[in-house]
Amino acid sequence: MNIDSKIGVIGAGAMGSGIAQIAATAGHSVYLCDSSNEALSGSKAKLQKVMDRLVEKGKVNSTAAKELQERISYVENTGCFADCDLVIEAIVENIEVKKSVFNELETIVSEDCILASNTSSLSVASIAAACKNSERVMGIHFFNPAPLMPLVEIIPAVQTDEKNLSPIIELMKSWGKAPVLAKDTPGFIVNRIARPFYGEAIRILEEGIADYATIDWALKNKGGFRMGPFELMDFIGNDINYKVTETVFEQFFYDPRYRPSFTQKRMVEAGRLGRKTGRGYYSYKEGDTAPKPNEDNEICEEIFWRILVMLINEAVDALYLHIASKEDIDLAMTKGVNYPKGLLSWADEIGLKKCLDKLDKLQAEYGEDRYRASLLLRKMVSKGEKFFE
Ligand code: NAI
């Protein structure tokens, strides 16, 4: 693939619009298709606004901005995908709808065209199974907002022909992205490893150890995270975050480590979705101020270590189960969710024995499978090994 490769994007919502913008910025001709005319005009207007702002800030000159926008054709049917080299699907997260769209796409595109889904939680194998030539199907998972977040998870399905991977990896690099390879398992890399950041924070809240403002403060102050878990859930939307947790939990055959919480479920039911509804854990109404955290050092340490070792444990377990390479696991968490350090490097820095001791202490105290340490962590501690030299 090269700059002359034509890119098709189906679904002109938040993600599809962002992906179209990235491809057009890289110089490709893009067809952005949506079944809703309103979505298409909304997408076009939004891009116009983004480009106006970039021109205003002097980041792009007005001719380049105009040319970029002209490279995107907004279309209501997929007929023009016939000459595309890659089509990325970013429609509603529903397996039946995605399958029928992939099935139909195959009747339009050329034999060599690669078909990709931006799904965040569905199995790529089941989407690929809707195609006769399922060897050309893979997941290309961008992060929101796509033009700003560098990470892209590339997910081959069991059916994907390996020869189709390197052109896509190279293409993503040429788009300025940081591609990582992930196994087709629930949550891929980021949405799997990040679960305890939310789940353990909510558990700490439910146990009454600290309030949400204190938990956020601990993670930012002690851990160097840009946002605390509750601020981040409010930012993502509690509905979306809850759905991801629920899906990961179900798809992991109800592994208790990923169990969703009543706290977040009730927030969703109450319509406290976060920033987008003006109220989540925090209130975003003008004039309202956030509650003050309890800046007690001991509580701060307890919260930080508990969440960090749970995150490290997930990262180690993902490596143990060959979800991705150690380099890609660390890259994914820093480039996909802005963690201050890669979790495996962080574990090396802390000392693997210290991480394991903390997990074993939690498991002994709680007696819950949720806190079981990854076998890889245990094995590495017994051999005195580190992840990186
Ligand atoms: P969205 O709801 O903003 O946009 C979806 C668009 O698809 C809508 O404009 C809708 O009209 C269109 N659409 C639905 N069915 C269609 C069809 N059959 N043919 C053509 N267009 C159709 O959704 P969003 O947030 O952009 O998500 C899209 C995909 O990306 C989903 O699979 C989601 O899981 C995934 N994703 C979402 C992220 C997020 O943070 N929003 C992050 C990463 C992946």
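Subtracting the Cα-Cα distance of residue 283 and residue 108 from their residue separation scaled by 0.36 nm leaves 58.2 nm. Full extension of the chain between residue 170 and residue 226 yields a length gain of 17.2 nm, computed as 0.36 nm times the residue separation minus the alpha carbon distance. As a calculated quantity, the FRET efficiency between residue 207 and residue 327 at R0 = 35 Å, using C-beta atoms, amounts to about 0.45. For residue 10, the amide hydrogen comes within under 5 Å of the amide hydrogens of 33, 88, 89, 90, counting only partners 5 or more places away or on other chains and with H modelled in the peptide plane. Computed from backbone phi, the HN-Hα couplings of the stretch 152-168 come to 9, 8, 9, 10, x, 7, 4, 7, 5, 6, 4, 5, 7, 7, 5, x, 6 Hz, rounded to whole numbers (Karplus: 6.51 cos²θ - 1.76 cosθ + 1.60, θ = phi - 60°; Gly and Pro given as x). A simple rule links phi to the HN-Hα coupling: the Karplus curve 6.51 cos²θ - 1.76 cosθ + 1.60 with θ = phi - 60°, which for the stretch 306-318 gives 5, 6, 5, 5, 5, 5, 4, 4, 5, 5, 5, 5, 5 Hz, with x for Gly and Pro. Averaging 1/r over every pair of different alpha carbons in the stretch 192-383 and inverting the result gives a Kirkwood radius of 17.1 Å.
Given R0 = 22 Å, the distance between the Cβ atoms of residue 41 and residue 70 translates into a calculated FRET efficiency of 0.85.
For the chain, a crude dipole built from +1 on the beta carbon of Lys and Arg and -1 on the beta carbon of Asp and Glu, taken about the Cα centre, is about 580 debye to the nearest 20.
Tell me, what is the FRET efficiency for residue 354 and residue 266 to the nearest 0.05, using R0 = 35 angstrom and their Cβ-Cβ distance as r? Provide the component values of the computation, followed by the final result.
Numbers: r = 36 Å, r/R0 = 1.02.
That gives a FRET efficiency of 0.45.
Projecting the Cα atoms of 109, 61, 22 onto the charge dipole of the stretch 1-119, computed from C-beta unit charges around the Cα centre, puts 61 farthest toward the positive end. Placing a pseudo-label 7 Å from each Cα along the Cα-to-Cβ vector at residue 80 and residue 49 gives an inter-label distance of 2.3 nm. For residue 274, the amide hydrogen comes within under 5 Å of the amide hydrogens of 238, 279, 280, counting only partners 5 or more places away or on other chains and with H modelled in the peptide plane.
Over the chain, the alpha carbon radius of gyration divided by the compact-protein estimate 2.2 N^0.38 Å works out to 1.03. In this entry, the stretch 1-153 is assigned a mean projected area of 8.4 nm², taken as a quarter of its C-alpha convex hull surface. Comparing 117, 62, 374 in a Gaussian network model of the chain, where Cα atoms under 10 Å apart are tied by springs, the biggest mean-square fluctuation is seen for 62.
Rule-based calculations on the coordinates, nothing more; no lab input. This structure is a prediction, so every number in the text was calculated from the model and none was measured. Heads up, the Cβs are rebuilt from the backbone with ideal geometry, glycines too, and the neighbour counts pull from every protein chain shown.
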